[in-house]
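This report refers to the structure that appears directly beneath it.
The values are calculated or read from the model by the stated rules, or taken from the named source; none is laboratory data. As the structure is a computational prediction, the values presented were derived from the model and not from experiment. No Cβ is skipped: glycine too gets one built from the backbone with ideal geometry, and neighbour counts run over all protein chains shown. Areas reflect the complete protein model, heavy atoms only, side chains present, ligands, DNA and RNA absent. Shrake-Rupley method; radii C 1.70, N 1.55, O 1.52, S 1.80 Å.
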Amino acid sequence: MLAPIVTAGILLVGFRMPASRAMPAAYGVTVLVAALVWRVGALGLAAASIQGLWLAATLLFIIFGALLLLATLSASGAVAVIRDAFTRVSPDRRVRAVIVGWLFGSFIEGASGFGTPAALAAPLVLAQVAADLAGRAARARPGRAGLAAEGRGQLASP
(Lines give C-alpha, C1' and ligand atoms only; values in the text may rest on other atoms or scores of the structure.)
Protein backbone atom coordinates (compact mmCIF):
# COMPACT_ATOMS: atom_id res chain seq x y z
CA MET A 1 0.00 0.00 0.00
CA LEU A 2 1.45 3.36 -1.05
CA ALA A 3 -0.62 5.58 1.26
CA PRO A 4 2.34 6.80 3.41
CA ILE A 5 4.46 7.67 0.37
CA VAL A 6 1.55 9.36 -1.40
CA THR A 7 0.75 11.28 1.79
CA ALA A 8 4.32 12.51 2.09
CA GLY A 9 4.41 13.51 -1.59
CA ILE A 10 1.12 15.39 -1.46
CA LEU A 11 2.01 17.23 1.74
CA LEU A 12 5.55 18.12 0.63
CA VAL A 13 4.89 18.96 -3.02
CA GLY A 14 1.19 19.71 -3.21
CA PHE A 15 0.76 21.70 -0.02
CA ARG A 16 4.42 22.79 0.28
CA MET A 17 4.40 21.74 3.91
CA PRO A 18 7.80 21.62 5.64
CA ALA A 19 9.22 18.15 6.18
CA SER A 20 9.19 18.69 9.94
CA ARG A 21 5.36 18.59 9.76
CA ALA A 22 4.79 16.36 6.72
CA MET A 23 6.90 13.41 7.85
CA PRO A 24 5.13 12.95 11.21
CA ALA A 25 1.84 12.95 9.29
CA ALA A 26 3.20 10.29 6.92
CA TYR A 27 4.38 8.31 9.95
CA GLY A 28 0.87 8.54 11.38
CA VAL A 29 -0.59 7.21 8.14
CA THR A 30 1.96 4.39 8.21
CA VAL A 31 0.97 3.43 11.75
CA LEU A 32 -2.72 3.52 10.82
CA VAL A 33 -2.20 1.35 7.73
CA ALA A 34 -0.07 -1.14 9.70
CA ALA A 35 -2.59 -1.34 12.53
CA LEU A 36 -5.84 -1.33 10.56
CA VAL A 37 -4.95 -3.04 7.27
CA TRP A 38 -2.20 -5.46 8.26
CA ARG A 39 -3.34 -5.97 11.88
CA VAL A 40 0.10 -5.30 13.39
CA GLY A 41 -0.01 -5.21 17.18
CA ALA A 42 1.23 -2.45 19.47
CA LEU A 43 4.46 -4.30 20.24
CA GLY A 44 5.23 -4.72 16.54
CA LEU A 45 4.50 -1.03 15.88
CA ALA A 46 6.77 0.00 18.76
CA ALA A 47 9.58 -2.30 17.60
CA ALA A 48 9.36 -1.05 14.00
CA SER A 49 9.33 2.57 15.21
CA ILE A 50 12.42 2.05 17.36
CA GLN A 51 14.19 0.30 14.48
CA GLY A 52 13.33 3.25 12.19
CA LEU A 53 14.66 5.76 14.72
CA TRP A 54 17.88 3.76 15.06
CA LEU A 55 18.37 3.63 11.29
CA ALA A 56 17.68 7.37 10.99
CA ALA A 57 20.18 8.14 13.77
CA THR A 58 22.82 6.02 12.03
CA LEU A 59 22.30 7.84 8.72
CA LEU A 60 22.35 11.25 10.42
CA PHE A 61 25.63 10.34 12.11
CA ILE A 62 27.17 9.46 8.74
CA ILE A 63 25.85 12.64 7.09
CA PHE A 64 27.15 14.69 10.03
CA GLY A 65 30.64 13.30 9.39
CA ALA A 66 30.41 14.23 5.70
CA LEU A 67 29.20 17.75 6.46
CA LEU A 68 31.94 18.15 9.07
CA LEU A 69 34.52 17.11 6.47
CA LEU A 70 33.05 19.57 3.95
CA ALA A 71 33.05 22.39 6.52
CA THR A 72 36.67 21.62 7.39
CA LEU A 73 37.67 21.66 3.71
CA SER A 74 35.84 24.96 3.19
CA ALA A 75 37.28 26.65 6.28
CA SER A 76 40.83 25.59 5.45
CA GLY A 77 40.57 26.84 1.87
CA ALA A 78 41.01 23.36 0.43
CA VAL A 79 37.79 23.65 -1.61
CA ALA A 80 39.26 26.58 -3.55
CA VAL A 81 42.47 24.63 -4.14
CA ILE A 82 40.48 21.62 -5.37
CA ARG A 83 38.39 23.84 -7.66
CA ASP A 84 41.52 25.42 -9.16
CA ALA A 85 43.09 22.01 -9.66
CA PHE A 86 39.98 20.75 -11.46
CA THR A 87 39.99 23.69 -13.87
CA ARG A 88 43.63 22.94 -14.76
CA VAL A 89 42.95 19.25 -15.43
CA SER A 90 40.79 19.84 -18.49
CA PRO A 91 38.99 22.76 -20.09
CA ASP A 92 36.10 20.41 -20.91
CA ARG A 93 33.39 20.58 -18.23
CA ARG A 94 32.22 17.06 -19.04
CA VAL A 95 35.60 15.61 -18.14
CA ARG A 96 35.56 17.55 -14.88
CA ALA A 97 32.03 16.27 -14.14
CA VAL A 98 33.25 12.68 -14.54
CA ILE A 99 36.25 13.36 -12.31
CA VAL A 100 34.08 14.90 -9.60
CA GLY A 101 31.47 12.18 -9.84
CA TRP A 102 33.91 9.30 -9.83
CA LEU A 103 37.12 10.21 -8.04
CA PHE A 104 35.85 12.80 -5.56
CA GLY A 105 32.93 10.52 -4.77
CA SER A 106 35.34 7.68 -4.02
CA PHE A 107 37.40 9.93 -1.73
CA ILE A 108 34.34 11.02 0.23
CA GLU A 109 33.15 7.41 0.40
CA GLY A 110 36.38 6.38 2.07
CA ALA A 111 36.51 9.40 4.34
CA SER A 112 33.00 9.43 5.75
CA GLY A 113 30.96 6.39 4.76
CA PHE A 114 28.19 5.13 2.52
CA GLY A 115 25.69 7.49 0.97
CA THR A 116 27.66 10.68 1.36
CA PRO A 117 29.18 10.82 -2.14
CA ALA A 118 25.70 11.34 -3.54
CA ALA A 119 25.03 14.08 -1.01
CA LEU A 120 28.29 15.94 -1.65
CA ALA A 121 29.45 15.14 -5.18
CA ALA A 122 26.06 15.36 -6.91
CA PRO A 123 25.68 19.14 -6.41
CA LEU A 124 29.17 19.65 -7.83
CA VAL A 125 28.37 17.54 -10.89
CA LEU A 126 25.05 19.33 -11.38
CA ALA A 127 26.80 22.71 -11.18
CA GLN A 128 29.22 21.64 -13.91
CA VAL A 129 26.38 20.37 -16.13
CA ALA A 130 24.27 23.50 -15.52
CA ALA A 131 27.19 25.75 -16.41
CA ASP A 132 27.73 23.76 -19.61
CA LEU A 133 24.05 23.99 -20.56
CA ALA A 134 23.99 27.72 -19.82
CA GLY A 135 27.00 28.19 -22.07
CA ARG A 136 25.31 26.27 -24.86
CA ALA A 137 22.12 28.30 -24.47
CA ALA A 138 24.08 31.54 -24.62
CA ARG A 139 25.74 30.47 -27.89
CA ALA A 140 22.50 29.39 -29.58
CA ARG A 141 20.42 31.83 -31.62
CA PRO A 142 16.74 32.20 -30.83
CA GLY A 143 14.75 29.69 -32.86
CA ARG A 144 17.82 27.65 -33.74
CA ALA A 145 18.55 25.83 -30.50
CA GLY A 146 21.35 23.34 -30.88
CA LEU A 147 22.93 25.04 -33.90
CA ALA A 148 26.25 26.80 -33.72
CA ALA A 149 26.23 30.54 -33.06
CA GLU A 150 28.27 31.10 -36.19
CA GLY A 151 25.26 29.99 -38.22
CA ARG A 152 27.09 27.53 -40.44
CA GLY A 153 24.26 25.04 -40.02
CA GLN A 154 26.44 22.52 -38.19
CA LEU A 155 25.41 21.13 -34.86
CA ALA A 156 27.21 22.67 -31.92
CA SER A 157 30.04 20.58 -30.61
CA PRO A 158 29.14 18.72 -27.43
Just grab the label-to-label distance for Leu2 and Ile82, each label 7 Å out from Cα along the Cβ direction, in nm (one decimal).
3.7 nm
List the residues of the stretch 1-34 whose backbone N lies under 14 Å from a point placed 7 Å from the Cα of Val40 along the Cα-to-Cβ direction.
1-5, 26-34
Rounded to the nearest 10 Å², the accessible area of Met1 using a 1.4 Å probe with every protein chain kept is 140 Å²
Protection proxy ranking of 95-102, 58-65 - average other beta-carbon atoms within 10 Å, highest first
95-102, 58-65
Measure off 7 Å from each Cα along the Cα-to-Cβ vector at Ala71 and Val13, then give the distance between these two points in nanometres to one decimal.
3.3 nm
Working note, the stretch 1-119: Cα radius of gyration (Å, one decimal) and Dmax (Å, whole number) are 20.5, 61
Once R0 is set to 25 Å, what does the formula 1/(1 + (r/R0)^6) return for the Cβ-Cβ distance between Leu32 and Ala56, expressed as a FRET efficiency to the nearest 0.05?
0.80
